[in-house]
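> Can you keep this structure in mind? I'll have questions shortly.
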Amino acid sequence: MNSSEPLLIVGSGIAGLAAALACTRARWPVRVVDKVAQLSPVGAGIQLGPNAVRLLDAWGLGAALRQRAVRPRQLQVRSAAHGRVLASLPLGDACVQRYGSDYLTLHRADLQALLLGAADAAGVQIEMGCAITSVAALANGVSATGENGSIFHAPAVCGADGVWSAARAALPAAQAPRFTGHWAWRSLLAPAVWPASLAADGITVWLGQRLHVVGYPVSDPASGGPAYNLVALVEAAEPGGPPAAPHDWSHAAHAQSLLQQVGSASPELLALLHAAPAWKRWALYDQPPLTGPQQMAQGRIALLGDAAHPMLPYLAQGAAMALEDAQALQHCLQAIAPGNAAQLPAALQGYAQARWQRCAQVQARAQRNARIFHATGPVQWGRDAALRLLGARLLDVPWLYAGG
Ligand SMILES: Cc1cc2nc3c(=O)[nH]c(=O)nc-3n(C[C@H](O)[C@H](O)[C@H](O)COP(=O)(O)OP(=O)(O)OC[C@H]3O[C@@H](n4cnc5c(N)ncnc54)[C@H](O)[C@@H]3O)c2cc1C
């Protein structure tokens, strides 16, 4: 069965655009649909470990990436309470020496724009303002139904529609996301408001009790100038449990409420939190780690990115896993003849087999980091002692950064 019909990708986030590029690189025509009318610079900063940067380099996007990204000098872990350094890991050239690739930081909107530009250049069709409500397997293909009644037929569908994936329902084994009880508070600081004490050339993580704060330099997607991305990740028992509008990435948030939760902290950290001009917060959802390939693909339907494996951002790898998913998809599609739609289920099965264990490992590690980063009492003392003793050896993640 040969098909010149495009593959359908639901979602034009990092996973969807990367998947679109992967398909075109494997010589499959592709069409992307997204529910939003236009892409907007939502989200916050993103750290890209060497495993992710290596892929973007391989796709020829490295030069454009480096025009927008920052190359932090080091990762430093500090105590939120007294601000002292507990451990540090050199990045920059040291990362290239260890892993053959850079560790970079940038705004999510810039990464999305980079992938969008590459997808446009590759001739990918993108249809905005089209929310898919369901995806169903047919005898020799897949149909996806849009909210406006439109129906798309495709030889295969990739669901890259994020945590609240509509495509996921077509995979009986896939699990629904769960509220973790954690919230991310985000702010972007312009240099004019940076406290004098801020070392804005590296990634800093302040570990507190039931919370941590991460800060690093990025380019401001609006002005193109330097900015400091600040995210506070806080465990809070919200009265009434999960938020009423869980899909919303941008609940307006009052600094006072965050400062109350942080409580007493080092003067440098408090100065930084006070300097942040406006906070947005969003509720964090995840899933238990994947247990098998059937949760990532079945027949002619596959999931990528957060649709497949939503995770806490405590290993800074959600977008990186989406990029790795896309690269694996490309390899599996390249292994079959272009246009041979009969081989697509085998290709998607190969994709899921190649990816599920690594994604599960990353999901589990992110959950473990939540327990370690937010530890209290004796566990916190033990953690801090281990960080002081072992330093970089605890912060480095060779199995992850070396690639999937
Ligand atoms: C605080 C925080 C910090 C993070 N830091 C990092 C980091 O440092 N490094 C890292 O690698 N990752 C990080 N992540 C994770 C990363 O942001 C996500 O994993 C990644 O953006 C997921 O991309 P995605 O394309 O799978 O999903 P999304 O970005 O959610 O994109 C989904 C797309 O699908 C569309 N869509 C949704 N439903 C439908 C539908 N029914 N029909 C059509 N279209 C639909 C949406 O409009 C959207 O465009 C962080 C996440 C958070 C919350």
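> What number goes with the only condition from (1) at pLDDT 95 or above; (2) closer than 29 Å to Arg66 by Cβ that Ala166 does not pass?
Single failed check for Ala166: (2).
> Taking the options Ala402, Ala392, Ala364, name whichever one is at pLDDT 95 or above and either outside the structural domain of Leu333 (by TED's automatic domain parsing) or not aromatic (Phe, Trp, Tyr) (or both).
Ala364
> For the range 112-128, which positions are more than 11 Å from the ligand (Cβ to nearest atom) and of a type in the set (Val, Ile, Thr)?
Passing the criteria: only Val124.
> Still on this model: Just need a number here: residues in the range 89-113 that are crowded, with 17+ Cβ neighbours inside 10 Å, among the small types (Gly, Ala, Ser) and farther than 25 Å from Ala190 by Cα.
1
> Also, I was wondering about something else. Any residue at all in the range 327-343 that is touching a strand residue (DSSP E or B) at 6+ places or on another chain (Cβ under 9 Å), within 16 Å of the ligand (Cβ to nearest atom), touching a residue at least 40 places away in the same chain (Cβ under 8 Å) and assigned to a helix (DSSP H, G or I)?
yes
Results for (1) more than 9 Å from the ligand (Cβ to nearest atom); (2) outside the structural domain of Gly146 (by TED's automatic domain parsing); (3) within 29 Å of Leu312 (Cβ to Cβ), shown as yes or no for each residue.
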| residue | (1), (2), (3) |
| --- | --- |
| Ser12 | no, no, yes |
| Pro50 | yes, yes, yes |
| Val53 | yes, yes, yes |
| Ala58 | yes, yes, yes |
| Ala64 | yes, yes, no |
| Arg68 | yes, yes, yes |
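> Is it the case that Thr180 is outside any loop (DSSP other than H, G, I, E, B), at pLDDT below 95 and either surrounded by 19 or more Cβ atoms within 10 Å (Cβ to Cβ) or polar (S, T, N, Q) (or both)?
The answer is yes for Thr180.
> Here's another thing I want to ask about it. Considering only residues that are in contact with a Cys (Cβ under 9 Å, 6 or more places away or on another chain) and either closer than 22 Å to Tyr401 by Cβ or of a type in the set (Asp, Glu) (or both), which ones fall in the range 88-125?
Of everything in the range 88-125, those that are in contact with a Cys (Cβ under 9 Å, 6 or more places away or on another chain) and either closer than 22 Å to Tyr401 by Cβ or of a type in the set (Asp, Glu) (or both) turn out to be Leu89, Ser101, Asp102, Tyr103.
> Go through the range 191-209 and give me each residue that's of a type in the set (A, V, I, L, M, F, W, C) and either surrounded by 16 or more Cβ atoms within 10 Å (Cβ to Cβ) or in a loop (DSSP other than H, G, I, E, B) (or both).
Trp194, Ala196, Leu198, Ala199, Ala200, Ile203, Val205, Trp206, Leu207
> If Ala109 meets every condition in (1) within 14 Å of the ligand (Cβ to nearest atom); (2) over 12 Å from Ala20 (Cα atoms); (3) at pLDDT 95 or above apart from one, which number is that one?
(3)
> Assigned by TED's automatic domain parsing to the domain that holds Gly318 and either surrounded by fewer than 21 Cβ atoms within 10 Å (Cβ to Cβ) or within 16 Å of the ligand (Cβ to nearest atom) (or both): does that describe Ala22?
yes
> Taking the condition of being near the ligand (Cβ under 9 Å from one of its atoms) and on the phi > 0 side of the Ramachandran plot, how many residues in the range 129-173 meet it?
So the count comes out to 1.
The values are calculated or read from the model by the stated rules, or taken from the named source; none is laboratory data. Here the structure is a predicted model, which is why all the values come from computation and not from measurement. Glycine gets a Cβ as well: all are built from the backbone with ideal geometry, and neighbour counts include every protein chain shown.
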